[in-house]
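**Student:** Take this structure first; my questions come after.
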Amino acid sequence: MINEQLISLINKYPDLAQGPINEHQYDQTSQIIHGIKKLIQLCGDDPERDGLIETPYRVLKAYLEYTEGNHENPMLHLEKTFDVNHQELILVRDIEFHSLCEHHFAPFFGVAHIGYIPKTKITGLSKIARMVEGYAKRFQVQERLTNQLADAMEIVLEPQGTMVVIEAKHMCMCGRGIKKTSASTTTTAVRGYFADRADARSEFLSLLNR
Ligand SMILES: [Zn+2]
């Protein structure tokens, strides 16, 4: 059963095997499964009991899904642009994302708000959400994610300015360590016009707080 599941997983994520399946590449996957079993044991549980028997496979599958963004260049989503004469703020708010903290491999999740003032190029609103997904689905820290989003907007759309605000909860803070369940973290990145002008940042924030 598990072997069949593994083969279908390798078919879906060719990087796991880096090519057609053969004896050696299959072994690599088995080693990962074995490692997760050892971890379960180390945590004081029995990896062979009913509820856990397929868990190593599910963990491997989940981690491959969490990190699918590593296999794309998210900024390419923005490249379909339109020439529209609009020189005012465009704000896409509450873009939900799920990511994985690279320090603990624990989920962090929340919303990104992305605003830009175009010069000549405008991108589709859904493309911005796809870009967020691409940068979120990898081992991340919130600060880097925030800056990557701002930089991608700057590089592809060459706007007058970009501002990104991310609000997120980190499970590594909620479920372990200092256990602050209500704490959330806000990060910002500003480029161009937003870096220069306090009134532009205020306009962005007042739209957010409405
Ligand atoms: Zn963490």
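The values are calculated or read from the model by the stated rules, or taken from the named source; none is laboratory data. Owing to the predicted nature of the structure, the values given are computational and were not obtained by experimental measurement. All Cβ positions, glycine included, derive from the backbone under ideal geometry; neighbour counts span all protein chains shown. For the accessible areas, the whole protein counts, side chains as well, though only heavy atoms, and no ligand, DNA or RNA atoms are used. Shrake-Rupley method; radii C 1.70, N 1.55, O 1.52, S 1.80 Å.
**Student:** Hey, if we sort 143, 72 by accessible area with the 1.4 Å probe, largest down, what's the order?
**Tutor:** Details: 143 105, 72 70 Å².
Heavy-atom accessible area, descending, gives 143, 72.
**Student:** Okay, moving on. Given a 1.4 angstrom probe, I'd like the percentage of the accessible area of the chain that is carbon and sulfur, rounded to a whole number. Let's see the in-between values first.
**Tutor:** Numbers: 6150 of 11780 Å².
About 52 percent, which is the carbon plus sulfur part of the accessible surface.
**Student:** So how much slack lies between residue 31 and residue 85, counting 0.36 nm per residue of separation and subtracting their Cα-Cα distance, in nm? Could you put the intermediate results ahead of the total?
**Tutor:** Values: separation 54, 0.36 × 54 = 19.44 nm, distance 5.60 nm.
Roughly 13.8 nm would be gained on extension.
**Student:** Return one number: the angle in degrees, 0 to 90 and rounded to the nearest 10, between the long axis of the Cα atoms of helix 2-12 and the longest principal axis of the Cα atoms of the chain.
**Tutor:** 30
**Student:** Could you state the angle between the C-alpha long axis of helix 23-42 and the longest principal axis of the C-alpha atoms of the chain, as a value from 0 to 90 degrees rounded to the nearest 10?
**Tutor:** Helix 23-42 sits roughly 90 degrees off the main axis of the chain.
**Student:** If each DSSP helix of 4+ residues adds -39,500 (n - 2.57) and the sum is divided by the residues in the chain, what number results at 222 nm, nearest 500 deg cm²/dmol? Spell out each step's value before the answer.
**Tutor:** On the way: 9 runs with 94 residues, N = 210.
Mean residue ellipticity at 222 nm (helix-derived): -13500 deg cm²/dmol.
**Student:** Compute the acute angle (0 to 90°) between the alpha-carbon long axis of helix 142-157 and the principal axis of greatest extent of the alpha-carbon atoms of the chain; round to the nearest 10°.
**Tutor:** So the helix axis and the longest Cα principal axis differ by about 50 degrees.
**Student:** Oh, and also: For a quick check of understanding: with a 1.4 angstrom probe and all protein chains in place, what accessible area in square angstrom does residue 201 have, to the nearest ten?
**Tutor:** Looks like 80 Å² after rounding.
**Student:** Could you calculate the contour length gain from residue 38 to residue 139, that is, 0.36 nm times the residue separation minus the distance between their Cα atoms, to one decimal place in nm? Walk me through the numbers before you get to the answer.
**Tutor:** Values: separation 101, 0.36 × 101 = 36.36 nm, distance 2.26 nm.
Extending this stretch completely gives an extra 34.1 nm.
**Student:** Using label points projected 7 Å from each Cα along Cα→Cβ, tell me how many nm separate residue 172 and residue 202, to one decimal.
**Tutor:** 3.7
**Student:** Let me ask something else. Can you say what percent of the DSSP beta bridges in the chain, counting only those with both residues inside, are antiparallel? Round to 5.
**Tutor:** Numbers: 30 of 32 bridges.
Around 95 percent antiparallel, to the nearest 5.
**Student:** Any chance you could look up the accessible area of residue 58 with a 1.4 Å probe, heavy atoms only, rounded to 10 Å²?
**Tutor:** Residue 58 has an accessible surface of roughly 120 Å² with all protein chains in place.
**Student:** Okay, next question. Would you kindly state how much longer the chain becomes between residue 210 and residue 98 on full extension, computed as 0.36 nm times their sequence separation minus their alpha carbon distance, in nm to one decimal? Show your work: numbers first, answer last.
**Tutor:** Values: separation 112, 0.36 × 112 = 40.32 nm, distance 2.44 nm.
Gain in length upon complete extension: 37.9 nm.
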